[in-house]
Number of protein chains: 2
Amino acid sequence: MQNFEFYNPTRIIFGKGTTASLAEHVPVDARVLILYGGASAEKNGTLAEVRAALQGRTVREFGGIAPNPTYETLMRAVAAIRADKLDFLLAVGGGSVIDGTKFIAAAVDYEGDPWEILTSSGANVTRAVPFGTVLTLPATGSEMNSFSVITRAQTREKLAFGSPYVFPRFSVLDPTRTCSLPLRQVANGVVDSFVHVIEQYLTYPAGGMAQDRFAEGLLLSLIEIGPRLVAQTDSYDLRANFMWIATLALNGLIGAGVPQDWATHVIGHELTARYDIDHARTLAIVLPSMLRVRREAKRDKLLQYAQRVWNLHAGSEDERIDAAIAKTEAFFESLGIPTRLSAYTIGADEIDALVTQLEAHGMTALGEDQAVTLDISHRVLEAAL
Amino acid sequence: MQNFEFYNPTRIIFGKGTTASLAEHVPVDARVLILYGGASAEKNGTLAEVRAALQGRTVREFGGIAPNPTYETLMRAVAAIRADKLDFLLAVGGGSVIDGTKFIAAAVDYEGDPWEILTSSGANVTRAVPFGTVLTLPATGSEMNSFSVITRAQTREKLAFGSPYVFPRFSVLDPTRTCSLPLRQVANGVVDSFVHVIEQYLTYPAGGMAQDRFAEGLLLSLIEIGPRLVAQTDSYDLRANFMWIATLALNGLIGAGVPQDWATHVIGHELTARYDIDHARTLAIVLPSMLRVRREAKRDKLLQYAQRVWNLHAGSEDERIDAAIAKTEAFFESLGIPTRLSAYTIGADEIDALVTQLEAHGMTALGEDQAVTLDISHRVLEAAL
């Protein structure tokens, strides 16, 4: 096992009817900004519940934080917070609203150009406005980690940052708040969580026994509930499990002490930046090809994945690896998520431009072993046509 | 899944050579009390390493916190801290030293008789002196939770308390610090961790998919490494996995949102209080009998345990349950830990007195369903003769 530090102070308040508990968790004398995305938070009643819980407090609102939140929009929130001297943020939504809120929290008191928060990957952050979250879309894990991905619309850049100052103080996870989610978002969330686990698991053996077992447990659970979630949207039990699994998939736990990959995410980010494909859908395109192209480097873990996750015991090693990758692909497709670039009418002539984007963003040595060069990324994209 | 809150702000610093990092994690201007147990911390070099890391700070020491730490001893530490105006505690040792330090931390500024901390189960605690830990004996999970068990020597009472104020600020987990542990303590630690997981898992189905998978993952790992740990004491990899698994077994995670039992622990505490049997060894005596006596209430989870943990698929339901319990027993025995009261020459004539102790401590309705009455406890002890 590798040496590691694990620290995660976010308080999770989980279950039916827990939104009302905001009254306890938001400081009484706080000047609060509620941040949200589109009309759904209003329509499904979550915002009304949040407002009711905070009645009597000083509360402002900032809506319109769209998927793949942009620096430009977020800076308008920063200006509003400074102008109104607000001192507590409450993100109501999914990963985009929470990621956006993290950036805003770090930017409000940042000395200098806040874009540096992203170009320094968060290293320059020394404080942040405290914030909590009310999660309505399980997928990114942002509700219990200190990471954030922000897009600059102007330059089509999608950059990540992390800082111990941007852990949410608390996150309210009420599964009933997810029951009105469109199926497309549920399916996306399942794939996103699945690939989060894979990025921390499918590398090379590092002797992290609990980490491997936990990762496998999350994958097995997602495989079990994925198709049922998409078919049966009103099951509290399924929604509750999905919500907690998606949080555990990226809260630092399963990745502590083991190598991590993230090449699939980085290449996926370029697809989103260029074609505006949903984040999760880019992962479903890139991951199977990545596993095929990188099968030698990942051989031992692919065999473990085949055995423990897909229960594949028959055939040669290579047959089991092929079968495990095919099953991964079939799982994504069973959720209605395509696994090929062609599904988005992206052809071979686009690949050079995507690789040029990777190069421009310095993404020239990706993966757990930094062996995913631009050349390898090119091959991965070709294999995904 | 049940509603739950999960909160665990302890920072884990894990790996080879991490003791030196104490210098970063103990506040520079703190007046520190190092607390430890017997001679082993001195002999194996851990104390020397701790002292070196804190060189230049104001540091006092308090040794002699024995297994099953007593109120009487701990109150002497409280007096020393008050007299010397110390403001940061550093527990160096295993669960006993850490549990003792938690009580001390809560008692220093407690207004009233500190014994009330235990009789109120911690509800009366409103603050605590901050503390960190350097773990030398994986077993109890105390290094990453807010619970503590204390004994009153005078009355032979063993009582537990918990409070969010007694989470360690940080815990240093350096597996190399465990390489000189006596085999008896390693074996005890494996059993202790194993039963911690069982208490949070083997109850009734509550639809906590990730919780179940995580619990099963920890049990599978302990079964895999237990015998090797006892045979091969110098493997860093085994020690590291054991250390992290023991922490994960009782840091609140696997028990969040699911029912918990703890009847085995409560009955075990009476065995320790009366006969001074090592804590883990009492669990190995009580658990198999508890599972036999409670097999109907635990039927569904026993079947799941048989299948997923022991890979038992053949035979009738009852045969699989019998086999799973027998395998659990055999696992403990394989570590050199007896599973019968007779191994400690405790006979049937002692059972009434033990049940009277349980009654005196108000332990009349134990277990996930409060169905373990004094009568059931009597039967469990009889079945363990």
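No value in this document is a laboratory result; all are computed from the given coordinates. Nothing here was measured: the structure is a model prediction, and the numbers come from that model. All Cβ positions, glycine included, derive from the backbone under ideal geometry; neighbour counts span all protein chains shown.
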Based on alpha-carbon positions alone, could you give the equivalent ellipsoid semi-axes of segment A:183-383 from the gyration tensor, as √(5λ), descending, whole Å?
25, 21, 16
For the residue pair B:Asp84 and A:Asp109, what label-to-label distance in nm results when each label sits 7 Å from Cα along the Cα-to-beta-carbon direction?
3.5
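Using only the alpha carbons of segment A:11-177, what is the convex hull's orientation-averaged projected area in square nanometres?
Working: hull surface 34.4 nm².
The orientation-averaged projected area of the Cα hull of segment A:11-177 comes to 8.6 nm².
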Computed from the beta carbon distance with a Förster radius of 35 Å, FRET efficiency for A:Lys327 and B:Ala206 to the nearest 0.05 stands at 0.75
So what are the three principal axis dimensions of the protein assembly as shown from its Cα atoms, in whole Å, longest to shortest?
83, 62, 50
Taking the alpha-carbon distance from A:Lys85 and a cut-off under 17 Å, which aspartates and glutamates remain once sequence neighbours fewer than 8 residues away in the same chain are dropped?
A:Asp29, A:Glu61, A:Asp109, A:Glu111
In nanometres, what is the gap between the two model label sites at A:Glu24 and B:Lys43, each 7 Å from Cα along Cα-to-Cβ?
4.8
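So which GluC sites (Glu not before Pro) in segment B:53-113 pass both tests, a DSSP loop state and at most 11 other Cβ atoms within 10 Å of the Cβ?
Working: sites: B:Glu61, B:Glu72, B:Glu111; in loops: B:Glu111.
For GluC sites (Glu not before Pro) across segment B:53-113 that sit outside H, G, I, E and B with at most 11 neighbouring Cβ atoms in 10 Å, the list reads B:Glu111.
Among B:Leu250, B:Leu86, what is the fewest-to-most ranking by other Cβ atoms within 10 Å?
Values: B:Leu250 25, B:Leu86 20.
The fewest-first ordering by Cβ neighbours comes to B:Leu86, B:Leu250.
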For segment B:168-301, the Cα convex hull volume per residue in Å³ comes to 121
Cubic angstrom per residue, convex hull over Cα atoms of chain B
128
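Kindly provide the Kirkwood hydrodynamic radius of segment B:309-385 in Å, to one decimal, from all pairs of distinct alpha carbon atoms. Could you put the intermediate results ahead of the total?
On the way: mean 1/r = 0.0689 Å⁻¹.
It is 14.5 Å.
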B:Glu296, B:Glu5 arranged by Cβ crowding within 10 Å, fewest neighbours leading
B:Glu296, B:Glu5
Mean separation of Cα pairs under 8 Å and 6+ residues apart, divided by the residue count of segment A:289-380: what relative contact order is that in percent?
22
Checking the table B:Lys158/B:Lys298; A:Lys298/B:Lys16; A:Lys102/B:Lys301 against a 31 Å threshold on Cα-Cα, which pairs fail?
A:Lys102/B:Lys301
Mean separation of Cα pairs under 8 Å and 6+ residues apart, divided by the residue count of segment B:11-177: what relative contact order is that in percent?
29
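Apply 1/(1 + (r/R0)^6) to the Cβ-Cβ distance of B:Gln260 and A:Asp349, taking R0 = 60 Å, and write down the FRET efficiency to the nearest 0.05.
Details: r = 59 Å, r/R0 = 0.98.
Taking R0 as 60 Å, the efficiency between B:Gln260 and A:Asp349 is 0.50.
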Zone residues, segment A:171-191, relative to A:Ala231, backbone N less than 18 Å from point 7 Å out along Cα-to-Cβ:
A:183-184, A:186-188, A:190-191
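Remind me, relative contact order of chain A in percent, using alpha carbon pairs under 8 angstrom and six or more residues apart?
Values: 702 pairs, mean separation 60.3, N = 385.
That works out to 16 percent.
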Between copies, how close do the A:Lys85 label points come, placed 7 Å along Cα→Cβ, listed in nm from shortest?
3.7
Give the nm distances, rounded to one decimal, from A:Ala348 to the matching residue in every other copy, measuring between label points 7 Å along Cα toward the beta carbon; shortest first.
8.5
